[in-house]
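In what follows, a structure is listed as structure tokens, so that the remarks can point back to it.
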Amino acid sequence: MRILFILLLFLLNCSGSEDGKTKVDIFSEKGILLLGNGTEPSGIDPHIVTGVPEHKILLALLEGLVVFNPKNNGVLPGVASDWTISNDGLVYTFIFNPNARWTNGEKVQPSDFVYSWKRILSPDLGAQYADMLYVIKNAEKFHKGIENDFNKVGISAIDNQLVITLENATPYFLNILTHYSTWPVHPETVEKFGGMTNRNNQWTRLENFVGNGPFKLVSWEINKSLKVSRNELYWGNSSNKINGIEFFPIDNELTQDRLFRSGGIHLANTVPTEKIKRYREERPNQLIEHNYFGTYYYRINTRKYPLNNANFRKALSLSIDRDLIVKSILKGNQKVSYSFTPPDDKSYNPKTELKFDPVKAKLFLEYSGYDTSNAPLEVLYNTSEGHQKIAQAIQEMWKNNLGLNVVLTNVDWKVYLERETLGEFDISRAGWIGDYPDPFTFLDMMVTDRGNNKTGWSNYEFDKTLKDASSEISTQKRYELYEKAEKILIDELPVIPLYTYTRTYLLSERVKNWQNNILDTNPYQFLSLE
Amino acid sequence: MIQLIFRRLLTYIPVLLVVIIITFLMIHAAPGGPFDAERVASPEIIEKLNEAYNLDKPIHIQIYNYLLNALQGDFGPSFKYPGRSVSELIMSGLPTTIELAFYSIVFAIFLGLMSGLIASLNPGKLLDIVPMSISLLGICIPSIILGPILVLIFGIWYEVLPVYGWGDNPGDKILPTITLGTAYAAIFARLTRGGMLEILGQDFIRTARAKGLSETRIVVVHALRGGILPVISFLGPAIAGLLAGSFVVETIFQINGVGRFYVQAAFNRDYTMILGTSILFTFMTLTFVLISDIIASFLNPTLRDSGGLE
């Protein structure tokens, strides 16, 4: 019994809470945000990492030339206090904020960006987001080793200015700069702890890290938490109302939900699907649901028979009841997709259609000449209950509406990715989240031979239209070209869009100034706590 | 004895070697690679990444290089966490996993011994049937089911215990400990009952009773020593199993132990991390089995005489 008593004492060896207040209450008074952040970040090197949890942390630690404006999806001054764009839209000149500082007190210089962008474009680093900068003159050539002289890349530092020359006028260039892969690293620190292209560089260690964001790194316990505190040297520190942030790597959504309900975190970045309805009824002020810049779709391998036939693909799409999927299976306020790019009422809103019409579907199946008694087609998806439910529903729809036999195959995530990349699939489930708020981030994916195309689909007219759009300065004309490309895509259907993602999460009412935007990005310096 | 221990330690070498080679071959044979991602990297990038992590070399060279580095204590960089070594990541979670396993084994031994003892002293009676039935249930319910049930009851319905973390909130170590320890407590209970019943039926116990010794003295001084031998023998594999199996509990309760790396590494195809954790758990299994054999041979001289450590 004594042993049990001692064991209990060990198990209860922690401090208690104050006056029945929750952790969220106590930390709100201290001005510290507690955020559920999904999985453990793979790192905090902006030129190496690729995930959402990493983005959320980098948003606190680093700052690019411009800052994402959470109110209108535009941009605000960041390290660059101002900028000019040449009439032809090819040259951007960024004037640096003289108060922009690294956490070691040094000024953030234009040359720091030259170093940083040279780093991400260096082939030896193996950066997976280097193509974000391909819009810059000769950047792609340098990254692919075709051009070895970085001086020929359109990036140069002149006095207190950074001058960028683009390949084509790229009206969404400023939006690209809100992506963390374009954010700077401190050159001396990177050189000191491993060198420019060393993937195992130690500069991101707690004791070595030098950043330029509104917060600085304070502690990092793997699989437990990462803490940041206010950076007093940050140029906008006086208007920053948050004193610190603690990021919790909680990948289990049920655990995150329980922690939120017990007052342990301000934000649970996901909600278990089965609980959404209850939250809507019981805690409507804490449940946040808004459109997300992402599309859930089925990817068709157009290299294979009968999927190489556009009529057959139309038959597949016309026989899917998207409303039923959204209302009866997803139940999370998702929107039915009518285009590949998620529409936005305020900006790009293509007038494409994806109807549910079983009669027409049957006709298109006949046009395709496909015999439904052939070997069944396979729908590939990575193991997940959600993907399975949708696949089963679609399997049923295709069976009932077209008499088509379909088998479902679920595989581990990495196996799924490999099979997709190698083209070893008929139809696979897929999803895409835009990197920056412009339709190009979606449509460009379907250009001939793009790595993420994966469908084998190629259309000259589509490629040309998109190329024209990418250098069109007038937003209206550009959107018209995007819409033209979108129509080609929806007519050909190498991808079958199903629904537009919705971000659903839980947010404490103590967090103020939170903006619901399609990129689900809220720079922390604009928030406050009550 | 020391010579025997030394000989057992020598067997570590071939066992670890076989484990490393088989693991190496298996992870390379598995479909999907460490750099497969939703956002496909260009072939040039994949080539550079393979080069950076020595994956561009023939497999036998890779194994040779790995063994050479491992001998010097370098288990390589993690593929998933650039800038961090496998050793560093393992060491960041190992103390927590060991602590969790320690509490769980103490809980399991205490509960298992007590209920096994009570059952063995009351064979065929209610005090035998009830604990043994419960123990059967304990063996049957895996921790992946038991954990959420305990969370539901104590964390959500009654709100008396925390459901997250390790050492962050009062009492947050209780549910993980019970979840991980219950199955082993059940096994210990059955082993204790079996061992005790066998000993209690032997001649020296009858002699002790004939000499008029009290039942407590007979049980505690004479029977228990031999009766718990099966428990001691099972202790090594049990601790190793607890350590290796802790990943389920660590995931349910979001504990920052090494078990989570073990599973995440497999999903991420983090080759060096898979190898590092496999080596760790193999080493631990061998060590704890050796320790339990040593303890058993101290409790039972016949094992020592017959070379029980062999």
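Only Lys, Arg, Asp and Glu count, each charged at its Cβ (+1, +1, -1, -1), so figure out the dipole size of the range A:63-199 about its Cα centre, rounded to 20 debye.
For this selection, approximately 200 debye.
I want the local charge near B:Lys173. Using Cβ-Cβ distances under 14 Å, sum +1 for each Lys or Arg and -1 for each Asp or Glu among the other residues.
For residues surrounding B:Lys173, the net value is -4.
Over what distance in Å are the Cα centres of the range B:104-166 and the range B:59-101 separated?
One Cα centre to the other: 35 Å.
Within a 10 angstrom radius of each residue's Cβ in B:155-162, how many Cβ atoms of other chains show up on average? Whole number is fine.
Mean number of neighbouring Cβ atoms from other chains: 2.
Specify whether the C-alpha gyration tensor of the range A:420-530 places it in the rounded, prolate or oblate class, a ≥ b ≥ c being the square roots of the eigenvalues: rounded for a/c under 1.5, otherwise prolate if a/b is larger than b/c and oblate if not.
Here the range A:420-530 falls in the oblate category.
Cross-link candidates for A:Lys314: which aspartates and glutamates have Cα within less than 18 Å, leaving aside residues fewer than 8 places away along the same chain?
Straight-distance partners of A:Lys314: A:Asp323, A:Glu353, A:Asp357, A:Glu366, A:Asp371, A:Glu378, A:Glu396, A:Asp426, A:Glu486, A:Asp491, A:Glu492.
Over the alpha carbons of the range A:63-199, what is the largest minus smallest coordinate on each principal axis, giving the biggest first in Å?
That works out to 37, 36, 29 Å along the principal axes.
Taking all pairs of different Cα atoms in the range A:291-503, averaging 1/r and flipping that mean, what Kirkwood radius in angstroms comes out?
The answer is 17.4 Å.
Using the number of other C-beta atoms within 10 angstrom as an exposure proxy, rank A:Val67, B:Val249 with the fewest first.
A:Val67, B:Val249
Can you give the log10 of the normalised intensity I(q)/I(0) at q = 0.18, 0.28, 0.30, 0.33 Å⁻¹, computed with Debye over equal Cα scatterers of the range A:104-149?
-0.54, -1.02, -1.12, -1.27
Please compute one quarter of the surface area of the Cα convex hull for the range B:183-310 and express it in square nanometres.
That works out to 10.0 nm².
Note down the net charge around A:Ile242, summing +1 for each Lys or Arg and -1 for each Asp or Glu among other residues with Cβ under 14 Å from its Cβ.
Taking every other residue near A:Ile242 into account, the sum is +4.
What dipole magnitude, in Debye to the nearest 20, does the range A:184-287 give about its Cα centre under +1 on Lys/Arg Cβ and -1 on Asp/Glu Cβ?
Once rounded to the nearest 20, the dipole reads 260 debye.
Return the sequence-ordered ³J(HN,Hα) values of the range B:133-150 in whole Hz as given by the Karplus equation 6.51 cos²θ - 1.76 cosθ + 1.60 applied to θ = phi - 60°, using x for Gly and Pro.
Coupling constants for the range B:133-150: 5, 4, 5, 4, 5, x, 5, 6, 7, x, 4, 5, 9, 4, x, x, 5, 4 Hz.
Sort B:Ile63, B:Ile134, B:Ile187 so the one with the fewest other Cβ atoms within 10 Å of its own Cβ comes first.
With the sparsest Cβ surroundings first, the list reads B:Ile134, B:Ile63, B:Ile187.
Would you please calculate the Kirkwood hydrodynamic radius of the protein assembly as shown over all C-alpha pairs and express it in Å, rounded to one decimal?
That comes to 30.2 Å for the protein assembly as shown.
Determine, at each q value in 0.12, 0.13 (inverse angstroms), the log₁₀ of I(q)/I(0) that the Debye formula gives when each Cα of chain B is one equal point scatterer.
Taken in order of the listed q values, log10 I(q)/I(0) reads -0.94, -1.04.
Could you list A:Glu207, A:Glu420 in order of exposure, starting from the residue whose Cβ has the fewest other Cβ atoms within 10 Å?
Going from sparsest to densest Cβ surroundings: A:Glu207, A:Glu420.
Which whole-Hz couplings ³J(HN,Hα) result when phi for each residue of the range A:389-402 is put into the Karplus expression 6.51 cos²θ - 1.76 cosθ + 1.60, θ = phi - 60°, listed in order with x for Gly and Pro?
Once rounded to whole Hz, the list reads 4, 5, 4, 5, 5, 5, 4, 5, 5, 5, 5, 6, 8, 10.
Taking only C-alpha pairs under 8 Å that are 6+ residues apart, what is the relative contact order of the range A:291-503 in percent?
38
Using Cα atoms only, what is the angle between the long axis of helix B:2-29 and the major principal axis of chain B, expressed in degrees (0 to 90) to the nearest 10?
Between helix and principal axis, roughly 40 degrees.
Please list, ordered by chain and number, the residues whose modelled amide H lies under 5 Å from the amide H of A:Ile48; skip anything fewer than 5 residues away on the same chain.
Residues meeting the amide H criterion: none.
Can you compute the helix-only [θ] at 222 nm over chain A? Use -39500 (n - 2.57) per DSSP H run of at least 4 residues, normalise by all residues, nearest 500 deg cm²/dmol.
Dividing the helical sum by the residues of chain A leaves -8500 deg cm²/dmol.
Once amide H atoms are built 1.01 Å from N in the peptide plane, which residues 5 or more positions from A:Phe96, or in another chain, come under 5 Å H to H?
The answer is A:Ser81, A:Leu162.
Taking each residue in A:405-415, count the Cβ atoms of any other chain within 10 Å of its Cβ, then average. What number comes out? Don't skip to the end; give the middle numbers.
Details: counts 0, 0, 0, 0, 0, 0, 2, 6, 7, 12, 5.
Mean shielding count: 3.
Give a residue-ordered list of calculated ³J(HN,Hα) values for the range B:182-193 (Karplus: 6.51 cos²θ - 1.76 cosθ + 1.60, θ = phi - 60°; whole Hz; x for Gly, Pro).
Each residue's phi maps through the Karplus curve to give 4, 4, 6, 4, 5, 5, 4, 4, 5, 5, 4, 4 Hz.
Counting Lys and Arg as +1 and Asp and Glu as -1, what is the net charge of the other residues whose Cβ lies under 13 Å from the Cβ of A:Leu162?
Around A:Leu162, the surrounding residues sum to -2.
Find the centroid of the Cα atoms in the range A:406-459 and in the range A:218-283, then give the distance between the two in whole Å.
With the range A:406-459 and the range A:218-283 each reduced to a Cα centre, they are spaced 31 Å.
Sorted by average packing, counted as other Cβ atoms within 10 angstrom per residue and highest first, what order do A:239-248, A:469-478 take?
A:239-248, A:469-478
Nearest 20 debye, what's the magnitude of the dipole of the protein assembly as shown about its Cα centre given +1 on Lys and Arg Cβ and -1 on Asp and Glu Cβ?
1920
At 1.306 mPa s and 10 °C, plugging the Kirkwood radius over alpha-carbon pairs of the range A:218-328 into Stokes-Einstein gives what diffusion coefficient in µm²/s?
The estimated diffusion coefficient comes to 84 µm²/s.
Can you tell me, using C-alpha contacts under 8 Å and at least 6 residues apart, the relative contact order of chain B as a whole percent?
Relative contact order here is 25 percent.
Which of the lysines could be linked to A:Lys467 by a straight reach, that is with a Cα gap under 25 Å, when you skip same-chain ones fewer than 8 residues away?
Cross-link targets: A:Lys137, A:Lys141, A:Lys144, A:Lys152, A:Lys346, A:Lys351, A:Lys454, A:Lys477, A:Lys484, A:Lys487.
Can you list residues whose amide H is under 5 Å from B:Ser85's amide H, if they're 5+ apart or on another chain and H is modeled 1.01 Å from N?
B:Ser78
Report relative contact order for chain A in percent, whole number only (criteria: Cα-Cα under 8 Å, sequence separation at least 6).
Relative contact order here is 20 percent.
Among A:413-419, A:438-444, how do they line up from the highest to the lowest mean number of other beta-carbon atoms within 10 Å?
Highest to lowest by the protection proxy: A:438-444, A:413-419.
All of the numbers you see were taken from the coordinates with simple rules; none came from a lab. Keep in mind the model is a prediction, meaning the values are calculated, not measured. No Cβ is skipped: glycine too gets one built from the backbone with ideal geometry, and neighbour counts run over all protein chains shown.
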